Amino acid sequence: MNAAETLSRDLLERLPASVQTPSYDRATLAPGMAHLGVGAFHRCHQAEYTDDLLSLRFDRWGIVGINIRPPTLADTLGRQSGLYTRLIRENSHIEARVIGSIVKVVDSQDSAAPALAVLSPPDIELVTMTVTEKGYCHIPSSGALDLSHPDIVHDLANPERPRSVPGILTRALELRRATHGRPLTLLSCDNIPTNGVILENVVRTFAERRGHGLAEWIAANAAFPSAMVDRIAPAVTQADLESVEQWFGYRDAAVAVGEPFRQWVIEQKFAGRMPRWDLAGATFVDDVTPFEYLKMRVLNGAQTTLATLGVLAGLEHTFDAIADPLLSVFVRRMLVEETLPTLMPVPGMEPSAYVEQSLARLKNTAIRHRNHQIATDGSQKIVQRLLNPIRDRLSQGASIGLLSVPVAAWMAYLIQASTRFGKRWSVSDPYAGKVAGIADATGRDAPALASAILAIDTIFDPGLAANQTFRAAVISALGELLSDDPMAAVQHSLEQ
Ligand code: CS2
């Protein structure tokens with residue numbers, strides 16, 4: 001192998017023996033499914049499960065990867081014929097494998113036409129997606145399609161030139177109905193509760209507005225299974241890209257890095273053929289809800305808690321935050337004392353063992369997950385990770401003093417990004433502007449700040465926002481988190 005050649009079909013045979021390569025004949029692999037949102041997570045999760053499946057039972061399940069948002073794929077995965085290196089890392093352990101399940105990539109950032117050209121023909125039977133929480137254009141507190149969302153307003157006025165995920169999927173279904181009428185399964189792999197139900201809601205609402213019986217056709221010919229997905233796979237850095245060259249001697253512009261743990265629980269509700277991902281370790285079930293609760297409240301809840309408090313404490317990564325003695329005690333007690341009692345029984349899993357396993361995963365120092373990355377779009381995450389368990393606790397008359405702290409930390413994180421608070425960092429969140437406006441108007445007064453933020457009813461259910469116990473806990477934590485000693489809020493919540 002020449003030094004620093006780029007990964008390609010030809011290079012596969014000349015890679016070092018320590019790099020695993022596809023065991024099946026990629027040249028005969030036909031596309032059967034599409035994926036929207038080809039980021040680090042897809043490369044470390046669905047694409048890897050599919051690669052496993054293809055090596056166990058070769059079938060027409062090649063993936064066409066589509067990005068409707070940046071970054072473009074043509075220059076990275078496209079140049080490498082869809083091939084990329086997936087690194088599994090745990091502290092000093094590294095495992096490299098080239099994944100072959102993505103057969104083609106399509107950039108559709110400037111217009112929906114390339115995406116629709118993939119999604120509409122009958123050979124695509126399934127579309128999976130990781131488009132992030134905000135990609136669904138739903139109202140976080142209710143799950144309904146946000147009809148005031150600028151992209152939805154645009155797409156309802158221009159349904160043949162959609163920009164949003166609901167608009168693009170509805171248009172693809174409309175084209176399928178008009179041309180061949182074959183069914184389609186749409187499988188959400190994002191961390192929103194009952195993600196299949198939310199996806200179905202937003203597509204159905206959009207289709208109802210289009211009329212002509214489209215919503216009824218979709219109800220009869222499309223399926224929207226829910227799924228719980230899990231593997232920590234942070235945004236890829238320049239250092240990750242360089243590491244492949246350093247360790248294995250070739251270049252790869254599409255590397256993805258993940259932890260060893262992975263899990264995929266899928267509702268068995270398909271409109272047509274189902275890839276046998278169960279052969280590769282996924283689980284098909286009738287009801288995903290208990291698994292979703294467990295994962296979003298425990299693992300994701302801990303991540304959001306460590307991320308927002310971690311930034312406030314000046315810490316960079318998840319593993320830095322969990323190495324902090326105070327934050328580590330806090331997150332464990334929050335999960336054990338307040339989150340665990342809200343979980344329903346989970347078939348085949350032991351929630352208290354899952355808490356310990358999750359905390360251990362977060363200590364992995366080779367997974368450089370930045371606190372700011374996890375805090376991104378917090379407004380779309382806190383309902384399922386923190387507010388739903390708080391609501392359940394309140395209905396049981398149980399304490400919420402610990403779970404309220406990360407809610408206040410999320411507020412403090414957004415507030416301190418405002419000009420009024422000296423723009424301590426920049427944040428990416430659809431509600432950043434709104435909260436900055438509140439901070440500008442209110443200043444440092446914690447009760448006024450918290451009240452105005454709690455009044456955002458698209459995030460906070462009005463019943464929860466009016467609860468006095470919750471309000472008092474959030475106001476008290478927020479006051480301390482905005483002070484010169486933010487960790488006093490964490491300390492005091494543990495003493496109560
Ligand atoms: C993280 C998730 O950025 C985030 O919101 O909490 O991406 C998390 O790493 C995955 O859900 C793990 O499966």
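The values are calculated or read from the model by the stated rules, or taken from the named source; none is laboratory data. This one's a predicted model, so the numbers in the text were calculated from it and none came from an experiment. Here Cβ is always computed from backbone atoms with ideal geometry, including for glycine, and neighbour counts include all displayed protein chains.
Give the residues of the range 124-162 that are buried (at least 19 other Cβ atoms within 10 Å of the Cβ) and of a type in the set (Lys, Arg), sorted by residue number. Result: LYS134, single match. In the set (1) closer than 14 Å to LEU87 by Cβ; (2) within 16 Å of the ligand (Cβ to nearest atom), the condition left unmet by ALA282 is number (1). Among the candidates GLY397, GLY433, GLY378, GLY443, the residue that is at pLDDT below 95 and either closer than 30 Å to GLN238 by Cβ or not β-branched (Val, Ile, Thr) (or both) is uniquely GLY443. Residues in the range 389-445 that are in a helix (DSSP H, G or I), within 21 Å of PRO140 (Cα to Cα) and not basic (Lys, Arg): 23 in all. Failed condition for VAL127, given (1) part of a loop (DSSP other than H, G, I, E, B); (2) within 22 Å of PHE206 (Cβ to Cβ), with all others met? Only one criterion in (1) part of a loop (DSSP other than H, G, I, E, B); (2) within 22 Å of PHE206 (Cβ to Cβ) is unmet by VAL127, namely (1). Test LEU478 against the criterion of being at pLDDT 95 or above, crowded, with 16+ Cβ neighbours inside 10 Å, in a helix (DSSP H, G or I) and under 27 Å from the mean Cα position of the chain (by Cα), and give yes or no. Spelling it out, LEU478 is indeed at pLDDT 95 or above, crowded, with 16+ Cβ neighbours inside 10 Å, in a helix (DSSP H, G or I) and under 27 Å from the mean Cα position of the chain (by Cα). When we screen TYR250, TYR293 for residues that are of a type outside the set (Val, Ile, Thr) and more than 24 Å from LEU87 (Cα to Cα), the only hit is TYR293. Residues that are crowded, with 17+ Cβ neighbours inside 10 Å and part of a loop (DSSP other than H, G, I, E, B) within the range 228-253 comprise ARG231, ILE232, ALA233, PRO234, VAL236, ASP252, listed in sequence order.
In the range 36-58, of all residues being more than 16 Å from the ligand (Cβ to nearest atom) and outside any loop (DSSP other than H, G, I, E, B), the one that is farthest from ALA254 (Cα to Cα) corresponds to LEU56. Within the range 345-359, not a single residue is free of Cβ contacts under 8 Å to residues at least 60 places away in the same chain and within 13 Å of the ligand (Cβ to nearest atom).
Among the criteria (1) within 16 Å of the ligand (Cβ to nearest atom); (2) touching a Leu at 6+ places or on another chain (Cβ under 8 Å); (3) within 26 Å of VAL336 (Cα to Cα), the one PRO290 does not fulfil is (1). Look at (1) more than 16 Å from the ligand (Cβ to nearest atom); (2) among the polar types (S, T, N, Q); (3) out of contact with any His (no Cβ under 9 Å at 6 or more places or on another chain) and you find that SER120 fails only one, number (3).
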